[in-house]
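Structure, as C-alpha cells:
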Amino acid sequence: MRILVLGSGAREHAIVKALLSEGVDHDITAAPGNAGIALEVPVVALDPTNGDVVTQYAVDNSIDLVVIGPEAPLVAGVADKLRTRGIPVFGPSKAAAALEGSKTFAKRIMDEAGVPSGKAIRAGTIAEAIEAIDEYGAPYVVKADGLAAGKGVLVSPDRDAAIAHAEFWLQHGSILIEEFLSGEEVSLFLLSDGHSVLPLSPAQDYKRVFDHDEGPNTGGMGAYSPLPWLPDGFVDEVIDTIALPTIRQLAAEQKPFIGLLYCGLILTKKGIRVIEFNARFGDPETQVVLPRLVTPLSGLLLAAAMGELGSLARPEFSAEVAVTVVLASEGYPDEPVTGRRISGLDDVRDVTIDHASTAVSDGNLIATGGRVLSVVALGDSFASARARAYAALDQISLPGGHFRTDIAEKVS
Ligand code: AMP
Ligand code: GLY
C-alpha cells in the first residue's frame, strides 16, 4: 500500500514504526516528518494543513491511504479535500473534527447523545465568566473553546488565576467554565468508520509538566499502557455509553466521524465522565499503544477509511506493557528554548526513540520545539519498562532539557 502520513511529532513517528513493523512492503512517506522519521521513510516538505497541496501530492503519487496525525489539518478540512478526489483518508472531516476543535460543539453533541460529562457554562464576556467561576467554586476549571495546543485548560484553586486565564482566552474567542471532576484519567482510542467503532488498548497520560502533577498543563509528558487498575467491562461501557452514541449523533447530523475518536475520560465516584474528545491519536499515548498492537495497523486504518470496520474483529494487543517518557526543552511549556544539541541517542539500549521536535543542522541533531522526543520502553512489568526508559534518559543529553521522573511509578 502507498501510505502518506501527515504530521511531524512523536505520534507520527510511532505510526510510521507501527506500519513498518507489519513486515509488509508498504511504500510509506511522511509529510513533513522530522529528523527521526526521516531515518525510517522518505519525507516530503509539504504543509500538512494545505489541503490543495496535500491532495495534489496524493493524486500525483497514487496514494492509497492518507493518515492524518495532528488536529490542525483536520480542522483545516484537509480530509474533506482528499475525499473529494476519492482518496481514502483516516481522519475526520472538518465538520466532525469540531468535536475537538470546538468544546462548545462537543458539549452539544454529548448533551444530544446523552453522553455523561461534567457540567459546563459557556462565557463570551469576563462578566459571564466570573459569574460561572463563582457558581461552580474552587477548584476552578477554565477552558478555551477552540484549539490551544494543550495550553487552553487551567485547573486551579486560585480564583485570581482562573479569572486571568479567562481574560486571556476571551481575547481568542469564547471559553467554558466547567465543574471540577476528580478521579483517575483514562485515554481510550477508538477507530471509527462513521458507524462502527473498534477500541484500542487504554492508556494514561501525564499532563502536568512536573512530577506529582505539579505545574502547568502540557501536551503530555509521558504515558503508560495498559491500565491494570481499570474495572472489568470498562472498555465495553465506554463503547456503549460514550463512543457509539457520539458517533451515531454525528452520523445523524450528516457529519460521519471517520478516524480516531480519542475519549479523554475521568473515573469519578459517580461513574465515567468525558473530559474531552480529540479527533486524532493522542500524543504521547500513541507511543505506548501502537508498539503493543499485534493486529496490522494499516488494515485497521484502511477499513475505517473505507467504512468497513464492522466486519473486523477487535484489535489484539501483546501482553507486554509500555512506558514512555517525554524529553522536553528548557522552558517548556511556556517558552521552550530551541536550537540546542541532542546527543547520546546512539548509546541507548532496549528502548526506541520517537522523535518529535528534532532536525539535523550542520551534521548535529538539534531540538526545534518544546517536546523533543519520547523514549519508549516495553517490558514484562511496569518496573522493568520504567527502568529501561529512565536508564536510556540517563544516556541522552539535551542542555536544559527536562522530563518527569514519576511516569508509571504508581503501577510499578
Ligand atoms: P483537556 O485539554 O480538556 O483534556 O484538559 C487537560 C487536563 O485538565 C485534563 O487531562 C485534566 O487533567 C484536567 N481537566 C480538564 N477538565 C477538567 C475537569 N472538568 N475537572 C478536573 N480536571 C479537568
Ligand atoms: N496527550 C493528550 C493529547 O494528545 O491531546
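The values are calculated or read from the model by the stated rules, or taken from the named source; none is laboratory data. Bear in mind the structure is a predicted one, so any value in this text is a computation, not a measurement. Neighbour counts are summed over all protein chains in view; Cβ atoms, including those assigned to glycine, are modelled from backbone coordinates with ideal geometry.
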Within the range 274-310, how many residues are in contact with a Pro (Cβ under 8 Å, 6 or more places away or on another chain) and away from ligand 1 (no atom under 15 Å from the Cβ)? 8
Can you pull out the residues in the range 402-412 that are surrounded by fewer than 20 Cβ atoms within 10 Å (Cβ to Cβ) and either of a type in the set (D, E, K, R) or modelled with pLDDT of 95 or more (or both)? H402, T405, D406, E409, K410, V411
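Quick check, is A203 more than 12 Å from ligand 1 (Cβ to nearest atom) and over 20 Å from R273 (Cα atoms)? Walk me through how you get there before you give the answer.
Values: more than 12 Å from ligand 1 (Cβ to nearest atom): yes; over 20 Å from R273 (Cα atoms): no.
So A203 does not fit the description; no.
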With the requirement that a residue be in contact with a strand residue (DSSP E or B) (Cβ under 6 Å, 6 or more places away or on another chain) and either over 17 Å from G264 (Cα atoms) or surrounded by fewer than 18 Cβ atoms within 10 Å (Cβ to Cβ) (or both), what does the range 119-135 give you? I121, R122, A123, A129, A132, I133
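Mind counting the residues in the range 343-364 that are in a loop (DSSP other than H, G, I, E, B), more than 20 Å from A14 (Cβ to Cβ) and among the charged types (D, E, K, R)?
First, the residues of the range 343-364 that are in a loop (DSSP other than H, G, I, E, B): 344, 348-351, 356-357, 362-363.
This time we only want the ones that are more than 20 Å from A14 (Cβ to Cβ), so: 344, 362-363.
Those still in the list that are among the charged types (D, E, K, R) too: 362.
Qualifying residue count for the region: 1.
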Residues of the range 186-205 being in a strand (DSSP E or B) and within 15 Å of ligand 2 (Cβ to nearest atom), which ones? V186, S187, L188, F189, L190, A203, Q204, D205
Quick one: is I396 surrounded by fewer than 19 Cβ atoms within 10 Å (Cβ to Cβ) and either under 22 Å from E12 (Cα atoms) or modelled with pLDDT under 95 (or both)? no
Would you be able to say whether some residue in the range 252-267 is farther than 28 Å from R404 by Cα, more than 12 Å from ligand 1 (Cβ to nearest atom), buried (at least 22 other Cβ atoms within 10 Å of the Cβ) and among the aromatic types (F, W, Y)? yes
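Would it be correct to say that K107 is modelled with pLDDT of 90 or more and of a type in the set (K, R)?
Details: modelled with pLDDT of 90 or more: yes; of a type in the set (K, R): yes.
When the stated conditions are applied, K107 passes them.
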Within the range 80-116, considering residues that are touching a Gly at 6+ places or on another chain (Cβ under 9 Å) and part of a loop (DSSP other than H, G, I, E, B), the one farthest from H195 (Cα to Cα): S102
Between residues in the range 144-155 that are within 14 Å of ligand 2 (Cβ to nearest atom) and residues that are in a loop (DSSP other than H, G, I, E, B) and among the β-branched types (V, I, T), which pairs lie under 6 Å by C-beta distance while being six or more apart or on different chains? G150/T218
Those helices (runs of 4 or more DSSP H) completely within the range 206-317 that have 1 or more residues that are away from ligand 2 (no atom under 16 Å from the Cβ) and within 20 Å of V89 (Cβ to Cβ) are 244-252, 297-305
Answer with yes or no whether S182 is away from ligand 1 (no atom under 13 Å from the Cβ), among the hydroxyl-bearing types (S, T, Y) and assigned to a loop (DSSP other than H, G, I, E, B). no
If P228 satisfies all but one of (1) within 28 Å of L312 (Cβ to Cβ); (2) buried (at least 17 other Cβ atoms within 10 Å of the Cβ), what's the number of the condition it fails? (2)
All-but-one check, T49 against (1) within 25 Å of A123 (Cα to Cα); (2) within 20 Å of the chain's Cα centre (by Cα), failing number (1)
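So which of A166, A149, A162 ends up being loosely packed, with under 14 Cβ neighbours inside 10 Å, among the hydrophobic types (A, V, I, L, M, F, W, C) and either more than 9 Å from ligand 1 (Cβ to nearest atom) or more than 25 Å from the chain's Cα centre (by Cα) (or both)?
Result of the check over A166, A149, A162: A149.
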Checking the structure you have, find out if any residue of the range 166-178 is assigned to a helix (DSSP H, G or I) and under 30 Å from P88 (Cα atoms). no
Pair list, Cβ under 9 Å, 6 or more apart: the range 65-94 residue of a type in the set (S, T, Y), other residue assigned to a loop (DSSP other than H, G, I, E, B): S93/G77; S93/K255; S93/P256; S93/F257
Under 9 Å between Cβ atoms, which residue pairs at least 6 apart in sequence (or on different chains) link something in the range 198-213 that is on the phi > 0 side of the Ramachandran plot with a partner that is within 13 Å of ligand 1 (Cβ to nearest atom)? D213/Y206; D213/K207
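I'm trying to understand the selection: among the residues of the range 119-134, which are in contact (Cβ under 8 Å) with a residue 40 or more places away in the chain and under 15 Å from E179 (Cβ atoms)? If you could, list the steps in order and put the result at the bottom.
First, pick out the residues of the range 119-134 that are in contact (Cβ under 8 Å) with a residue 40 or more places away in the chain: 119-126, 129, 132-133.
K119, A120, I121, R122, A123, A129, A132, I133, listed by residue number.
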